[in-house]
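The values are calculated or read from the model by the stated rules, or taken from the named source; none is laboratory data. Predicted model only: the values in this text are computed from it and were never measured. Positions of Cβ are backbone-derived with ideal geometry, glycine not excepted, and every protein chain shown enters the neighbour counts. Quick note on the areas: whole protein, heavy atoms, side chains included, nothing else; ligands and nucleic acids left out. Shrake-Rupley method; radii C 1.70, N 1.55, O 1.52, S 1.80 Å.
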Amino acid sequence: SSDVCSSDPVVAAVTPGALLTPWRDQVKAILIPFMPGQEYGNAVTEILFGLASPSARLPLSFPVTENDELMTVEQWPGVNLHATYSEKMLIGYRWYTANGVQPAFPFGHGLTYTTFAYSNIKVSGRAVSFDLKNTGAAAGTETPQLYVSFPANNTQGEPPLQLKAFSKVALAPGAGTTVTYTLPDRAVSYYDIGSHQWTQAHGTFTVHVGPSVALLPLSAPLTN
């Protein structure tokens, strides 16, 4: 409760998965270690006192409400021990982006003690490169993420954004580097249920790059 907190409260929440955070606007920061191990105390202390820079990213979306995705009882928990997966491929961040719904915290989100700038995206074949720079005063590690949108004539029901590449990049204050991701065949393929195999889609894809699925400042066409 805000009436018993200090003026600058910080929440460290041990949780096995997504967490409802109706109090998120009343705190200065939220640290999510998920299910930490025996060095949890030392790790959290180093982060809270600025001895280490947090660099993790959310592997799921944190919802605004318990049932953001409007799942029916037929989907979960199911009826008569039978669950219907009518959401098909629109699971997690794919559902949020397909339906234009903003979660409390999006897939891939994560803050640290510095800031980063993305620029100069280039595409050559299936190689996607861009520049990344640490624009803050502290050393830090960024996780640039690459998402793919399938061609507009896609009839396979592919989600509008799909994570296809990511990496961790450590940079000193003011330092920059060029990051390159080369997409394999699987990244531009869909699963053909008729032939029971992965099949390449052809046409103009769009690649998007940024620090989370909800913040993608760079985009460019890619032809396959």
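Some observations on this one:
- Within-14-Å neighbourhood charge of Asp185 [Cβ basis; K, R +1; D, E -1]: +2
- Each pair of Cα atoms in region 103-224 enters the Kirkwood radius, and Stokes-Einstein at 37 °C and 0.692 mPa s then converts it into a translational diffusion coefficient of 214 µm²/s.
- Separation of the Glu46 and His82 label points, Cα + 7 Å toward Cβ, nm: 5.3 nm
- Under the Karplus curve 6.51 cos²θ - 1.76 cosθ + 1.60, θ = phi - 60°, whole-Hz ³J(HN,Hα) for region 167-173, x wherever Gly or Pro sits: 7, 9, 10, 8, 9, 6, x
- Surface/4 of the Cα convex hull for region 1-95, nm²: 8.8 nm²
- The label-point distance for Thr65 and Lys168, in a model that sets each label 7 Å from Cα toward Cβ, rounds to 3.7 nm.
- Here the calculated FRET efficiency for Arg186 and Val11, from their Cβ-Cβ distance with R0 = 30 Å, stands at 0.20, rounded to the nearest 0.05.
- Potential extension, Ser129-Thr223 segment - 0.36 nm per residue separation minus Cα distance: 32.3 nm
- Solvent-accessible area per residue for region 32-157 (1.4 angstrom probe, square angstrom): 59 Å²
- Scanning the chain for chymotrypsin sites (Phe, Trp or Tyr not before Pro) in DSSP loops with at most 16 neighbouring Cβ atoms within 10 Å leaves 114-224 as the longest stretch between them.
- Close Lys pairs in the chain (alpha-carbon distance under 25 Å; sequence gap of 8 or more, or different chains): 6.
- Interchain or long-range residues, amide H under 5 Å from Ser189's placed H: Ala201
- In summary, region 73-116 shows an alpha-carbon radius of gyration equal to 1.68 times the 2.2 N^0.38 Å reference for compact globular proteins.
- Amide H to amide H distances under 5 Å link Leu31 with Val11, Ala12, Ala13, where only residues 5 or more positions off or on other chains count and H is placed in the peptide plane.
- The Leu31 and Ser195 beta-carbon pair, evaluated with R₀ = 41 Å, returns a calculated FRET efficiency of approximately 0.30.
- Global form of the chain, assessed from the alpha-carbon gyration tensor, a/c cut-off 1.5: oblate
- In this view, the solvent-accessible surface of Ile47, computed with a 1.4 Å probe and all protein chains in place, comes to about 40 Å².
- Rounded to the nearest 10 Å², the accessible area of Ser189 at probe 1.4 Å: 10 Å²
- Loop-located trypsin sites (Lys or Arg not before Pro) in region 140-224 whose Cβ has at most 11 other Cβ within 10 Å (DSSP): Lys168
- Using all pairs of distinct alpha-carbon atoms, the Kirkwood hydrodynamic radius of region 124-166 works out to 13.3 angstrom.
- Listed residues Gly125, Gly157, Gly37, most fluctuating in the chain (Gaussian network, C-alpha, under 10 Å): Gly37
- Choice from Leu51, Leu81, Leu171 showing the highest fluctuation, given a GNM over the chain with Cα pairs closer than 10 Å: Leu81
- Surface composition of the chain: carbon and sulfur make up 57 percent of the accessible area, probe 1.4 Å.
- Region 35-143 - convex hull of the alpha-carbon atoms, volume per residue in Å³: 188 Å³
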